[in-house]
Structure formats: structure tokens, C-alpha cells
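Everything on this sheet refers to the single structure shown next.
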Amino acid sequence: FGPYPADGFFGMQTYRKFDGVLAMYHDQGLIPFKTIAFESGVNFTAGLPVVRTSPDHGTAYDIAGKNQADETSMREAIFMACQILKNRIN
């Protein structure tokens, strides 16, 4: 499958036909991903002996301690880590 040009792949919503997307360059995949799923997006690092996920939005130090943060992406990262671990065990 592919390769696809990034602008058309995301702009024409071709990505919806797939379970995952592998981008050759960081910005080629991350910019549209954050646009599509900023509040629920999760980064997953494959190929490690441990499960490693993180919220897509980053640390957000600028709003730390101000009661403005949305925990959705953090929850999604935890849920995804649990699902990946479950799949590895089974």
C-alpha cells in the first residue's frame, strides 16, 4: 500500500481506509495527525521490549497548574498501553 503523497492522503481522507499510518518524515505525519486527533491522539514507540505510549499533545507546561488541561489524550495513552500489553501477552 502506498506510498501516498501526504497532502492528498490526509486531505482526501484516504487515511480512513487504514488501521495505521507510517510516515517517512516526522512533520509529514504528525502535523495532520494532530489536526485530526489532537485531544485523543497517542504516540506509540514500536520495537521496544516495554510498551511506550504518550499523549500526542506534549507536556503543555504553559498551562500546568492552571486547571486548564484536558486529560483525554493521557487517558487514551494509558488505555492504548494496556491494550498493547494485553495483545502481547495473548
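Values quoted throughout were computed directly from the atomic coordinates according to the rules given, and no laboratory measurement underlies them. Note that the structure is predicted; figures quoted are calculated from it, not measured. Using ideal geometry, Cβ is built from the backbone for each residue, glycine included, and neighbour counts are taken over all protein chains shown.
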### Message
Against the conditions (1) within 16 Å of the chain's Cα centre (by Cα); (2) more than 26 Å from Arg88 (Cα to Cα), where does Arg52 fall short? Just the number, please.
### Response
(2)
### Summary
Ala37 fails exactly one of (1) of a type outside the set (Phe, Trp, Tyr); (2) under 26 Å from Arg88 (Cα atoms); (3) touching a helix residue (DSSP H, G or I) at 6+ places or on another chain (Cβ under 8 Å), namely (3)
### Message
Can you find, within segment 58-86, the residue that is surrounded by the most Cβ atoms within 10 Å (Cβ to Cβ) among those that are polar (S, T, N, Q) and over 17 Å from Val42 (Cα atoms)?
### Response
Gln68
### Residue that is exposed (fewer than 13 other Cβ atoms within 10 Å of the Cβ), of a type outside the set (Lys, Arg), part of a helix (DSSP H, G or I) and out of contact with any Pro (no Cβ under 8 Å at 6 or more places or on another chain), where the choices are Gly2, Gly8
Gly8
### Message
Go through (1) surrounded by 14 or more Cβ atoms within 10 Å (Cβ to Cβ); (2) farther than 26 Å from Glu71 by Cβ for Val42 and report which single condition fails.
### Response
(2)
